[in-house]
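The values are calculated or read from the model by the stated rules, or taken from the named source; none is laboratory data. Just so we're clear, the structure is a prediction, and the values are computed from it rather than from any experiment. When we count neighbours, we look across all protein chains shown, and the Cβ atoms used for this are built from the backbone with ideal geometry, even at glycine.
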Amino acid sequence: MKVLIVGSGGREHAIAASVAKSDKVDKIYCAPGNAGIAQLAECVAIGAMEFDKLVTFAKEKAIDLVIVGMDDPLVGGLVDEMEKAGIRTFGPRKNAAILEGSKAFSKDLMKKYDIPTAAYETFDDPKAALAYLESAEYPIVLKADGLALGKGVLICNTKQEAIDGVKEIMEDKKFGSAGNRMVVEEFMTGREVSVLSFVDGNTIQIMSSAQDHKRAKDGDQGLNTGGMGTFSPSPFYTKEVDEFCHKYIFQKTVDAMKAEGREFKGVIFFGLMLTEKGPKVLEYNARFGDPEAQVVLPRMKNDIIDVCNACIDGTLDQIKVEFEDNAAVCVVLASDGYPVSYEKGLPIEGLEAFDGKDDYFCFHAGTKFADGRIVTNGGRVLGITAKGDDLKQARKKAYEATEWVSFANKYMRHDIGKAIDEA
Ligand code: AMP
Ligand code: GLY
């Protein structure tokens with residue numbers, strides 16, 4: 001069969017690597033892809049938001065399955081467009097992707113169906129938001145309603161910071177139209193855990209847990225990024241936490257979406273905070289995490305095509321999604337200066353060191369070909385993943401492998417997975 005993957009980052013490279021393992025697949029295309037994905041797939045120069053071109057391409061090539069990796073096309077309705085053209089597509093339709101596309105929607109859903117989350121208020125008008133801040137407790141969390149590249153969340157320690165935040169989001173429109181509405185939320189403390197899951201509209205099967213490191217610098221300092229590294233599983237995601245989440249969060253979310261007439265098929269990513277009062281939902285995403293996919297998918301035992309098909313066909317109850325009893329760590333190699341400003345186009349050396357090594361993966365995030373060489377093409381450049389018997393071994397191997405590749409402004413955090421030593 002022929003598969004088309006939509007996206008161009010490390011997550012899509014990890015998806016492509018899983019798809020490539022399936023003996024059902026003869027040919028993989030990726031739009032637009034990157035220099036690493038090009039080793040597994042034929043990359044086509046169509047952007048993830050060019051819906052008409054993507055549909056035309058999928059029809060022309062008689063694609064059997066489209067897998068949409070990124071949030072923007074999902075929230076924009078690419079799955080609906082593909083389905084209208086009769087093309088099987090893995091991912092939520094537009095009316096379900098709103099679970100990620102609107103924080104106000106997801107908060108209202110959780111409130112209505114009694115799914116544990118932080119207390120909140122929603123505002124359409126900056127004046128009302130500013131008035132609310134007068135009697136609020138601090139710290140407080142401001143969230144732009146729509147998609148904002150993972151950057152639309154401001155944690156404000158003081159009233160003044162929150163006032164400035166409301167101005168940035170709702171008046172200066174720092175995150176564009178994502179800031180037309182805003183959620184103001186209670187500040188929670190605790191460990192964060194990501195749980196990704198496969199959903200077929202009714203049945204949910206969770207993947208192995210993971211944890212992201214969002215800040216740019218060691219010790220969780222510096223600016224928020226798309227993610228500087230991940231590890232899986234999370235030792236903080238215990239059996240008790242898992243039982244609680246199954247009872248009060250996972251199935252309830254799937255059922256709530258169905259009850260709202262927004263049947264969800266695809267991946268639901270639960271961003272959880274393990275608070276003193278139990279696990280609470282920080283956010284939902286409607287797709288694999290990046291770089292969570294880079295530590296979760298290499299550990300999945302199933303053929304990913306079977307799982308995608310089961311989600312589309314509503315037969316997920318007939319298979320069991322299983323993971324290896326090991327661990328993985330992914331360290332992101334970024335361009336120095338990310339997430340603010342950085343140089344691109346720098347040659348990358350040493351990539352061939354990963355050839356033929358089963359436990360090591362070099363997932364490309366921002367790379368391209370230039371004059372016959374692979375060069376840097378983004379803030380996050382590569383995700384170096386290693387599998388090990390346990391997290392400590394995986395971490396050691398991943399950091400060893402970060403030394404195999406070089407480029408002029410290579411930057412990484414040195415404490416990815418360090419929290420596991422405390423567990
Ligand atoms: P989100 O995009 O909603 O996951 O938010 C990004 C990050 O902001 C999360 O991973 C948390 O670290 C932090 N965050 C979001 N909401 C809250 C909250 N209510 N309390 C504390 N931290 C939060
Ligand atoms: N790593 C967080 C995300 O994909 O949203």
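Can you pull out the residues in the range 4-30 that are of a type in the set (Lys, Arg) and either in a helix (DSSP H, G or I) or in contact with a Phe, Trp or Tyr (Cβ under 8 Å, 6 or more places away or on another chain) (or both)?
First, pick out the residues of the range 4-30 that are of a type in the set (Lys, Arg): 11, 21, 24, 27.
Once the filter is applied, which keeps residues that are of a type in the set (Lys, Arg) and either in a helix (DSSP H, G or I) or in contact with a Phe, Trp or Tyr (Cβ under 8 Å, 6 or more places away or on another chain) (or both), the range 4-30 yields only 11.
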Q.
Among (1) away from ligand 1 (no atom under 16 Å from the Cβ); (2) under 23 Å from residue 197 (Cα atoms), there is one condition residue 164 misses while meeting the rest; what is its number?
A. (2)
Q.
Considering only residues that are more than 16 Å from ligand 2 (Cβ to nearest atom) and not in a strand (DSSP E or B), which ones fall in the range 267-297?
A. 276, 277
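Can you report the number of residues in the range 106-134 which are assigned to a helix (DSSP H, G or I) and in contact (Cβ under 8 Å) with a residue 12 or more places away in the chain? Can you show your working first?
Applying the first criterion (assigned to a helix (DSSP H, G or I)) to the range 106-134 yields 106-112, 126-133.
Those still in the list that are in contact (Cβ under 8 Å) with a residue 12 or more places away in the chain too: 106-110, 112, 126, 129-130, 132-133.
Residues meeting the conditions: 11.
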(Q) Suppose we keep only residues that are part of a helix (DSSP H, G or I) and among the aliphatic types (A, V, I, L, M) within the range 384-399. Which one would you say is nearest to residue 411 (Cα to Cα)? (A) 398
Q) Here is a list of conditions, (1) surrounded by 15 or more Cβ atoms within 10 Å (Cβ to Cβ); (2) under 22 Å from the mean Cα position of the chain (by Cα), and residue 177 meets all of them except one; can you say which number that is? A) (1)
**Q.** First in the range 216-238 and under 17 Å from residue 392 (Cβ atoms) and more than 13 Å from ligand 1 (Cβ to nearest atom), second anywhere and among the aromatic types (Phe, Trp, Tyr) and part of a strand (DSSP E or B), Cβ under 9 Å, 6 or more apart
**A.** 232/323; 233/323
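Scan 397, 368, 410 and give me the residue that is touching an Asp or Glu at 6+ places or on another chain (Cβ under 7 Å) and surrounded by 17 or more Cβ atoms within 10 Å (Cβ to Cβ). Explain how you work it out, then say what you get.
Details: 368 fails: touching an Asp or Glu at 6+ places or on another chain (Cβ under 7 Å); 410 fails: touching an Asp or Glu at 6+ places or on another chain (Cβ under 7 Å).
After applying the criteria, what remains is 397.
For residues that are free of Cβ contacts under 8 Å to residues at least 60 places away in the same chain and closer than 20 Å to residue 306 by Cα, scanning just the range 24-57, find the one that is surrounded by the fewest Cβ atoms within 10 Å (Cβ to Cβ).
Here is the first cut: in the range 24-57, the ones free of Cβ contacts under 8 Å to residues at least 60 places away in the same chain are 26-33, 39-57.
Next, only the ones that are closer than 20 Å to residue 306 by Cα stay: 26-30, 40-41.
Values: 26: 10, 27: 13, 28: 23, 29: 22, 30: 27, 40: 17, 41: 24.
Once the filter is applied, the top-ranked residue is 26.
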Q. Would a scan of the range 98-120 turn up a residue that is farther than 30 Å from residue 201 by Cβ, more than 10 Å from ligand 1 (Cβ to nearest atom), of a type outside the set (Lys, Arg) and more than 24 Å from the chain's Cα centre (by Cα)?
A. no
Q: Being of a type in the set (A, V, I, L, M) and under 23 Å from residue 397 (Cα atoms) narrows it down to one of 327, 310, so name that one.
A: 327
Q) Would a scan of the range 241-257 turn up a residue that is surrounded by fewer than 21 Cβ atoms within 10 Å (Cβ to Cβ), among the small types (Gly, Ala, Ser), out of contact with any Leu (no Cβ under 9 Å at 6 or more places or on another chain) and modelled with pLDDT of 95 or more? A) no
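State the number of residues belonging to the range 61-103 that are of a type in the set (Lys, Arg), more than 22 Å from residue 24 (Cα to Cα) and in contact with a strand residue (DSSP E or B) (Cβ under 7 Å, 6 or more places away or on another chain).
Counting residues in the range 61-103 that are of a type in the set (Lys, Arg), more than 22 Å from residue 24 (Cα to Cα) and in contact with a strand residue (DSSP E or B) (Cβ under 7 Å, 6 or more places away or on another chain) gives 1.
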**Q.** Residues (surrounded by 24 or more Cβ atoms within 10 Å (Cβ to Cβ) and under 16 Å from residue 296 (Cβ atoms)) located in the range 8-17
**A.** 9, 10, 11, 12, 13, 14, 15, 16
**Q.** Residue that is nearest to the chain's Cα centre (by Cα) [pool: residues in the range 121-155 that are of a type in the set (D, E, K, R) and surrounded by fewer than 18 Cβ atoms within 10 Å (Cβ to Cβ)]
**A.** 151
